[in-house]
Structures are given as C-alpha cells and as structure tokens.
Amino acid sequence: MIYDNILETIGNTPIVKLHKVVPKNSPHTFLAKLEYFNPGLSVKDRIALALIGGAEQRGDLKPGGTIIEATSGNTGMGLALVAAVKGYKAIFIMPDKVSEEKRAALRAYGAKVVITPTAVEPEDPRSYLSVSKKLAEITPNSFLTNQYHNPDNARQHYATTGPEIWKQTNGKVDVFVAGAGTGGTVSGAGRFLKEKNPNLKVLCPDPVGSILYDLFYYKEVRTGPQPYKVEGVGEDMLPDNVHMDIIDDFVQVEDKESFHLVRELVAKEGICVGPSSAMALAGAIKYSEQFKEPKTFVIMMADSGRAYLSKAFNDDWMKDNGFMPSPMRSNTVKKLIQTLNQPELIFAKVGQKVLEVVQLLKKHNISQVPVYSEGEIVGILDESDLIFPLATGKLKADEPIIHLVKGNIIWVEEDDNLESLSDHFQKGFIALVKDSSGTTRLITKIDLLDFISNNVTQ
Ligand SMILES: Cc1ncc(COP(=O)(O)O)c(C=O)c1O
C-alpha cells in the first residue's frame, strides 16, 4: 500500500513478545508495543496529529501559524513532522537535561529550540512551562499545544492506541502498562481498554523522584520532587491528562533498574528503546509477581533508544551516574593500601651514596625509594636511575645520590579513587599518601596493577 503522506504512517505500531528480559519462571506474558515504529520515532506522533488537528478544527491555528510547545523532545519531533507537512512554524522549549541528539533532531526539521534549567519550580519564570506560556503570548498567530492539559492528547490515545491494543491482542490483555509524562497514553488507552474489559488493570510505573506515586497513594506529595535521569515520564506537577480514576496502581522504579534493563532489552531482545520503556517494563515485572495465574501484560514502549546513545548507551555516562559498576571509581586508595604488605616506609636520605641506596633497594626487594631531606620528602629514586649508569661506568658507587633524585611525586588522599591514581601514574607521577595513622606510604604502578588483577573483574 502507498501512503499519501508521512502522517498516514502514524500509529498501528507492532506488538512484540518479550522472552529473555523477563523472569524465566514467570507464568505471565509480557508484550511490548513498540512506538518507535512511528515516523518521528515515538508515541508522541499520535498526539501531534490530534493537538494540531483539534486546533485547526476550533480555528485556534491558522495557516502559516506557529506551534509552541514545552516538550522533552518527542512531542517536539511529532509536532515538527506535522508542522513540516502542514506548513506551520514550530518553537520548542525543553529542560537542559534533554539529550543533545533530541535537540539536534528538532533543529533538523527547521524548528527553533529554547533550553531552560531543570532545577527550578514549575511556577518559576525560567521553567520550561513558564517560558512556553510567555512565548505564546508574544508570538502572533501562535498556538500553545499544551500537551499536559489539552484533552485532545488523552482522547487521541482513546481513539487509536487503545483500540489497536484491543485488536492486536484479540482482547486478551489483562494489564495495560504505561508510564505517565503528560498522562495521555495511560489515561486515554487505559480508559478505552477498561471500557472493553472492566477487569483489566491499568498500571502506571513511575520513576523514584516523581510526585505522581505520592499523589495516587496519599493525595499529597510526601517526598520530592527529586531529580531523576529517566526522560519523558514522571512529573513534578499533576497534568490534567493524568486521570487517576483510570489507574489501578503505581509502582516506583529506580533509575538504576531502568538504565540496566534498557541495555538488556537491546542486547537480549534486539529491541532498542529509551529508558522510559525499560522503566515501564521494570514496573510491570514487579507488579506481575503478585499474580499466580498467568496474565498478559501490554507495555507501552514510548520511544527509540537511538535518542540516548550519549546517555544510556554510553559507558562513561552510565558510570558517572552510578548505573554501571566502575571498580576503578568505586575503590579507593585506602582500600589499596590496606592490601599492601608494607608496614613502614623505606626511604633514603639525600646525603646517601649510590651504593648504599642500591643495597637498600636490594635488602627490601623494592624498586624505588622516596628521598628525604630535612624531614621532607623531596623526590624519588628509581632502580633504573642507578643500574644502567652504574653498569656503564657513568656513575660511581661512592657518588652522592642528590643529583639523581626526581621530583615527580604527588600526594594523594586516602579517599581518592583508583581512577584518579591511575591518571597520576599516566602523567609520570609517583604517589605518596599519609594513611589514617599518619604514616607515609608509597604506592607504585605495580601496587595498582596487583590490586586491579586481584580485585577488579569487569
Ligand atoms: C520517552 C517518553 N516516554 C513516555 C512518555 C509518556 O507518555 P505520556 O505523555 O502520554 O504520558 C513520554 C512523554 O513525554 C516520553 O517522552
């Protein structure tokens, strides 16, 4: 079949069964609805059609007008697509935590992108919601699509997402799972599916740090909002499109679980989705544990992992955020020196002779010694500085060592991690540390290597 334009390809996304990322002995079936099959690579293409279509019908948007939205990227992409096909301009306002890929993609569609700080209250004039309202006020012939509160959002999921799931599963769905950003998906599709089957449960997994969980359970915010790293889901305010009466339960999911699972989804199932999809799945798995009888879960997977290559799929970013074990960062100098069999520091004095120091190295079976002068360590002497010059006659056994001492020592702290220690070594430094008893200890590259090979398996 040939579509008349790209907008006609929105929706009718596939549902795929999950095999390897779900518990082995689970009696349940976990089905993923993959919204990255939409042309803008996310679930938001659906509402872009509805938000713009609704505004046109009501006369709120006239030809050549400007679409303005506060969006974490995906809605922007959907709106940019629709705007391009229908000939509108577009301005998007988004918080600074949104990935660079998402921003660049919007600019590629010719849209303007305005970045606002994440760590401000929604009422703050710098928040992305406040900035978008202001822009709408000052831009002539503009329409603020208002995805959080515009009822066309949830209505579109009622009209498309819900019926698709019902049809694709032949009505065999027991639990519908979707995280809430605006709430449109969970409320709209959830409402449709519940009308079809009143026994169906609607589950809304929520990132730890979002206030939605508290609002559902306690009708007030008990903790938070706190920052979290999963994008697009969870809130610091209650959007009108979150219909609490449709949602049967909330499950909280830690960032770490979501970022771990998102990598498993692509590595084990070949399904490259974003962290919010993994968050939804993690919530579904937790929730499923209470049921003995087999249930079928349909989990909304909102967008593509391709938008998160510099985050979830970047090892450094994952380690920096504590989502991936990093033994070099989690182990400290203190831990390393505890493994060293070096009760006291061996050192040479600046006035000593070459032969004396050679004998010292030999006696203690060490390759380098710090050199003291007037109670202070002034440098280091390495066996390589002595052996060759001695063997080739460039150095005499009774010469003083003073001119051989190298000053490249660095003092490190017990709390420093091994990655920074390794950085010092790479720059040619020799590390000294005062341990908790005040004793000076020398750490060599070999000490680090020994520690890594015995303790670090990555
Ligand atoms: C990545 C991602 N996942 C999930 C959602 C949640 O969808 P909804 O806004 O319909 O609640 C969003 C919404 O912004 C999103 O961007």
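The values are calculated or read from the model by the stated rules, or taken from the named source; none is laboratory data. In this text, all values refer to a predicted model and were calculated from it rather than measured experimentally. Using ideal geometry, Cβ is built from the backbone for each residue, glycine included, and neighbour counts are taken over all protein chains shown.
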>> Which residue is nearest to the ligand (Cβ to nearest atom), if the candidates are limited to region 261-295 and must be assigned to a helix (DSSP H, G or I) and among the polar types (S, T, N, Q)?
In response: Ser276
> So how many residues does region 96-109 have that are more than 17 Å from Trp317 (Cβ to Cβ) and either at pLDDT 90 or above or not small (Gly, Ala, Ser) (or both)?
Replying inline: 4
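For every residue, the table says whether it meets (1) among the aliphatic types (A, V, I, L, M); (2) in a loop (DSSP other than H, G, I, E, B); (3) more than 16 Å from the ligand (Cβ to nearest atom); (4) more than 21 Å from Pro14 (Cα to Cα).
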{"residue": "Gly181", "(1), (2), (3), (4)": "no, yes, no, yes"}
{"residue": "Val186", "(1), (2), (3), (4)": "yes, no, no, no"}
{"residue": "Asn199", "(1), (2), (3), (4)": "no, yes, yes, yes"}
{"residue": "Leu203", "(1), (2), (3), (4)": "yes, no, no, no"}
> With (1) part of a helix (DSSP H, G or I); (2) surrounded by fewer than 18 Cβ atoms within 10 Å (Cβ to Cβ); (3) within 15 Å of the ligand (Cβ to nearest atom); (4) of a type outside the set (Ser, Thr, Tyr) as the list, and Met237 as the residue in question, which single condition is left unmet?
Replying inline: (1)
> Which of the residues that make up region 1-51 are in a loop (DSSP other than H, G, I, E, B), over 25 Å from the mean Cα position of the chain (by Cα) and surrounded by fewer than 18 Cβ atoms within 10 Å (Cβ to Cβ)?
Replying inline: Met1, Ile2, Tyr3, Asp4, Asn5, Asn12, Pro14, Lys24, Asn25, Ser26, Pro27
> Going through region 15-51 one residue at a time, which ones are touching a Leu at 6+ places or on another chain (Cβ under 6 Å) and without any contact (Cβ under 8 Å) to a residue 24 or more places away in the chain?
Replying inline: Lys17
> Hey, any hits in region 207-225 for a residue that's within 16 Å of the ligand (Cβ to nearest atom), within 21 Å of Phe297 (Cα to Cα) and under 23 Å from the mean Cα position of the chain (by Cα)?
Replying inline: yes
> Out of (1) among the hydrophobic types (A, V, I, L, M, F, W, C); (2) over 25 Å from Phe323 (Cβ atoms); (3) modelled with pLDDT under 95; (4) outside any loop (DSSP other than H, G, I, E, B), what's the single condition that is false for Val298?
Replying inline: (3)
>> Here's a check for you: in region 161-179, which residue that is in a helix (DSSP H, G or I) and either within 30 Å of the chain's Cα centre (by Cα) or among the hydrophobic types (A, V, I, L, M, F, W, C) (or both) is nearest to Asn197 (Cα to Cα)?
In response: Trp166
